[in-house]
Amino acid sequence: MATVVVAQRMWQRRDSAANWTSKNPVLAAGEIGVELGAEPTDTKFKIGDGSTPWTTLPYFAGDVAVSMRVSGGFVQYSDDGGDTWQNLIAIADLAGAPGEPGPSTLPMVNGDAPPQLMYFDDGSLLYAEV
């Protein structure tokens, strides 16, 4: 099957360290939370698992390359060069009917509407629109 690439802008939840700590939210499985630093080199991020509060989640190290893939029905990431893959979220939890928007139960981000996900008939992701 031919690969289709659709350019889309993706926004992540972002806030200061003080606000993340005081609100201490639970990020959805696979949701990225960006902690904005005073300088770009001070910015860090965490990826939610759907149950762990912000202050307990580990940061991703800025000097570690993170790879993403879809395999075994999951969106996965690896931070060790692909030796170990961790499941972020099941594709089934994201997929809507072929050619239709994904579920409307995805979390609101800073008061914005949840992202809409569109799929090919074979279930592969066409694009995500925020």
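Of note:
- Any chance residue 82 is modelled with pLDDT under 80 and touching a helix residue (DSSP H, G or I) at 6+ places or on another chain (Cβ under 8 Å): no
- Taking the range 38-64 as the range and being in a helix (DSSP H, G or I) and either closer than 14 Å to residue 89 by Cβ or among the hydroxyl-bearing types (Ser, Thr, Tyr) (or both) as the test, the residues that pass are 41, 55, 56.
- Contact map, the range 8-37: residues that are closer than 19 Å to residue 88 by Cα paired with residues that are assigned to a helix (DSSP H, G or I) and not hydroxyl-bearing (Ser, Thr, Tyr), Cβ distance under 6 Å, separation 6+ or inter-chain. Pairs shown: 25/54.
The values are calculated or read from the model by the stated rules, or taken from the named source; none is laboratory data. All values derive from a computational prediction rather than experimental measurement. We place every Cβ from the backbone using ideal geometry, glycine too, and count neighbours over all the protein chains shown.
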